[in-house]
Structures are given as structure tokens and as C-alpha cells.
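Beneath this line is the structure, given in C-alpha cells, with notes to follow.
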Amino acid sequence: MRSDTVTLPTTEMLDAIKQAELGDDVYGEDPTVNRLEEMAAERTGKEAALLVASGTMANLVSLMSNAKRGELVVLESESHMYWYEAGGVSAIAGLLPWPVKTEQGAFAPEDLENAIRPRNIHFPEPSLVCVENTHNRHGGTVVAPGQLRAISDVAQAHGLRVYLDGARLFNAAVALRICVKELTKHVDNLMFCLSKGLSCPLGSLVVGTQDFIEKARKMRKLIGGGMRQAGIIAAPGIVALETMVDRLEEDHRNAQLLAAGITKVEGLKVDMERVQTNMVLVDTSRLAVPAATFISKLKEEGVLASTIGKNKVRLVTHRGIEKEDIENALISIANVTARLLGHE
Ligand SMILES: Cc1ncc(COP(=O)(O)O)c(C=O)c1O
């Protein structure tokens, strides 16, 4: 339960890779890639899409295509782009990240308003607002359409674009039981990942207007991300969009089961309000040891988890983890906690 990125491709995906019709995608000639890109644009209600190797690459080419070097980009202070992408936002895209704190991932309109400073000779030009949905470090929380609309209203009033890091966008749509377009219609452009809950071995899609995607295609080339017979990546992506979205609900149910079980373990805390999709954040501050020690003890019991802070453990449900696995994990979690509290 370290991450939904550990999911392995399905047999159907491996068959699709074997049978994929291929061509040179740098020439725009891979029919499988073209089909996936059309599907991605259609699903999200945008004009065009671009396949890239990873979520990090998707965010990077999007930053480079949405803003010019030296401009300011408003980010959520716990966002993946700010924390986990090796500083590409400044090191490669040349932008000034302006982090804004939120309660659960969605900017409060007044906080966003305050972050967008007036145009002034002293200030970098603000050009972009980035939203993450679902929000990873906040525990897989969902940014609802109404919140996205409010964010977009503020950005638009100041002439800024809105970009969505939708690495787990389909988790958000499934959790809200809405069409993904209800979320994407409030943003200018976005990316989503195939390689997380959707179980593909790799790949992400950047989506937006024709103009934006043309720029992103050039940026992808610039950073060495132009791929040749990329249909072998696109083929499982098509299978994912056709067959893997609805089952995310199962991961969400398992996360609820896991979270509810953990709240019964003395010494551990879970904020159930944040358990909205496939992640569970566990507060281990009542244990006498850091979260890293807790997860190394869990590993000895066969339960893999990760830490996202000194006293914070993250568990992620995904394909391959069944209800029974959750029940077994709960027994291990209770045993390890009891031992650490000296109750055994
Ligand atoms: C919200 C978010 N954005 C972007 C990424 C980056 O994706 P990748 O690991 O494919 O580079 C991740 C990865 O976990 C993520 O959680």
C-alpha cells in the first residue's frame, strides 16, 4: 500500500501492447498514440492531447507551455509539483513558485486573490494557477467542481490561466460520481496519469487547446521526451480508459474499510473527513517512535506503507489489494501498534 503506482499491467494490456499498430510518433504517425490522444481529449472535453512518459514530464511541459521564464506560478504549498518534482518548476521551466496553504487542497478564493499580486515593476508577472485533484499530500482529497469554478473565476479576473495536475483525476470523478468533464471544464489545461490507479506501466496525457498542445509537443521534444513507436505505451492506455476507470470505486471502498479499521486501533488517528478516494493518512504522533520506524515494523509483517512526514504514514489502495488484504493488514497494524505502545 505504498502507492497506486506499483500496479502491474493487466493481461488485456499486455495483449494490447503485443498487437498495437505502430508508427513513428515524432512524425505523428503512430496510429495507436493518435487514437489514445483523441480519446483523452474527448473524455476531458478539450481539443487535443499529448502522450508523455510520466506525470512529472506532463507537469513540466505544461508549465513550460503555459508560462514564460521569470513569471510567477501559484501552487498549493503541499502540491506534488512543489514537493516532489526535483524543482523542475524553477530549475527547468524557470518559474517562480508561489506556494499558498490550503485546508484540504483547494485554494480559498480570498487566499488565491491575495497571492496574485498586482502588476508592478518590482514583481514577477503572475501567469498561472495550478490545482491538484485529487490532492496527494492532503490524503487523496477531492477538489469539487464548485471549488474549481471559484478558483477559475479569481484566476480569470486577473488574466491568469488555470492548470490541473490531475494525476488521479479519475479518482476524483468516480468519488463524486460525476463525469470527468464536470471537473475539467473549469481549467484551461490539465494532465492525468495512466500509471497510477488505472494500472498502466507508464504514461500520462497532457490535454488542452490545439495551440497549447502544439506548444507542449515542442516542449516535450525540447526536454527529450519525443518518443518513436510509442504505441506500445498508448495501447495499454486505451485499455485503461475503456476498462479501468469504474473499478476505482473498489479502491475507494477498501480505503474506507482500512481507515475505519485504523480509527479503532488505540494509538493511531485518521481524519476520516480526508478519506475521500484511495488514500489513508495515519497520524502516528502518539507512538514513541517516528513514522519511519512504524513502517519498518509494518514491513516485517508484510505490510508496505510510506511516510509523508515525521508522524504521518500514507497507505494507498489499488488494484491487486482485496478486501481480505485490508482485513489482514488491519491485524498487522493493530499488532505493531500494540507492541510499540508496550501493550504486548
Ligand atoms: C499529484 C501527482 N502529480 C504528479 C505526479 C508525478 O507522476 P510520475 O510519478 O508519473 O512522474 C504524481 C505521482 O505520484 C502525483 O501524485
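The listed peptides 170-176, 25-31, ordered by packing as a protection proxy, come out as 170-176, 25-31 (highest mean of other Cβ atoms within 10 Å first). Dividing the alpha-carbon radius of gyration of segment 75-147 by the rule-of-thumb value 2.2 N^0.38 Å gives 1.14. Take every pair of alpha-carbon atoms less than 8 Å apart whose residues are at least six positions apart; their mean separation over the length of segment 217-344 yields a relative contact order of 23 percent.
Among the DSSP beta bridges whose two residues both lie in the chain, what percent are antiparallel, rounded to the nearest 5?
Details: 19 of 36 bridges.
That works out to approximately 55 percent antiparallel.
At full extension, LEU304 and GLN104 could sit 69.5 nm farther apart than now, given 0.36 nm per residue minus the alpha carbon distance.
Dividing the Cα radius of gyration by the Kirkwood radius, what Rg/Rh value follows for the chain?
Working: Rg = 20.6 Å, Rh = 20.8 Å.
That ratio equals 0.99.
Calculated on the Cα set of segment 1-142, radius of gyration then Dmax: 18.3, 58 Å.
The count of lysine pairs in segment 205-337 that are at least 8 places apart or cross chains, and whose C-alpha atoms lie under 24 Å apart, stands at 17.
Of the peptides 92-101, 198-207, the order by per-residue mean of other Cβ atoms within 10 Å, starting with the highest, comes out as 198-207, 92-101. Count Lys and Arg as plus one, Asp and Glu as minus one, and take only other residues whose Cβ is under 9 Å from that of PRO145; the net charge is then +1.
The HN-Hα couplings worked out from phi for segment 228-240 by the Karplus form 6.51 cos²θ - 1.76 cosθ + 1.60 (θ = phi - 60°) are 8, 7, 6, x, 5, 8, 5, 4, x, x, 5, 4, 4 Hz, whole numbers, x standing for Gly and Pro. Is segment 196-273 rounded, prolate or oblate when judged by the Cα gyration tensor, a ≥ b ≥ c being the square roots of its eigenvalues, rounded requiring a/c under 1.5 and prolate requiring a/b larger than b/c? Verdict is prolate for segment 196-273. In the chain, Cα pairs under 8 Å separated by at least six residues give a relative contact order of 23 percent. Reported to the nearest whole Å, the Cα centre-to-centre distance from segment 112-181 to segment 2-52 is 26. To the nearest 0.05, what FRET efficiency results for HIS158 and ASP271 with a Förster distance of 25 Å applied to their C-beta separation? The pair HIS158/ASP271 has a calculated efficiency of 0.15. Backbone N atoms of segment 47-72 closer than 19 Å to the 7 Å Cα→Cβ label point of HIS122 belong to residues 71-72. Considering only alpha-carbon pairs that sit under 8 angstrom and 6 or more positions apart, the relative contact order computed for segment 106-214 is 22 percent. Considering the chain as a Gaussian network with a 10 Å cut-off on Cα pairs, which listed residue, LYS312, LYS18, LYS185, attains the greatest mean-square fluctuation? Comparing LYS312, LYS18, LYS185 in the GNM, the peak value goes to LYS18. For segment 210-310, trypsin sites (Lys or Arg not before Pro) meeting the loop criterion (DSSP other than H, G, I, E, B) and having at most 15 other Cβ atoms within 10 Å: ARG228, ARG247, LYS264, ARG286, LYS310.
Which shape class, rounded, prolate or oblate, goes with segment 228-319 when its Cα gyration tensor gives a ≥ b ≥ c as root eigenvalues, a/c under 1.5 marks rounded, and past that a/b bigger than b/c marks prolate?
Numbers: a/c = 3.07, a/b = 1.91, b/c = 1.61.
Prolate.
Taking a ≥ b ≥ c as the square roots of the eigenvalues of the alpha carbon gyration tensor, segment 1-65 is oblate, as a/c is not under 1.5 and a/b does not beat b/c. Listed by chain and number, the aspartates and glutamates whose alpha-carbon sits under 20 Å from that of LYS46, ignoring those within fewer than 8 places in the same chain, are GLU37, GLU38, GLU132, ASP153, ASP165, GLU182, ASP188, ASP211, GLU214, GLU242.
Scoring 73-80, 288-295, 275-282 by mean Cβ neighbours within 10 Å over their residues and listing the highest first yields 275-282, 73-80, 288-295.
Could you work out [θ]222 nm for the chain from helices alone, using -39500 (n - 2.57) per DSSP H run of at least four and dividing by all its residues? Round to the nearest 500 deg cm²/dmol. Spell out each step's value before the answer.
Details: 14 runs with 145 residues, N = 344.
The helix contribution divided over the chain gives -12500 deg cm²/dmol.
Taken together, the values in this text are just the output of simple stated rules run on the coordinates, not laboratory data. Computed from a predicted model, the values in this text were never measured in an experiment. Glycine gets a Cβ as well: all are built from the backbone with ideal geometry, and neighbour counts include every protein chain shown.
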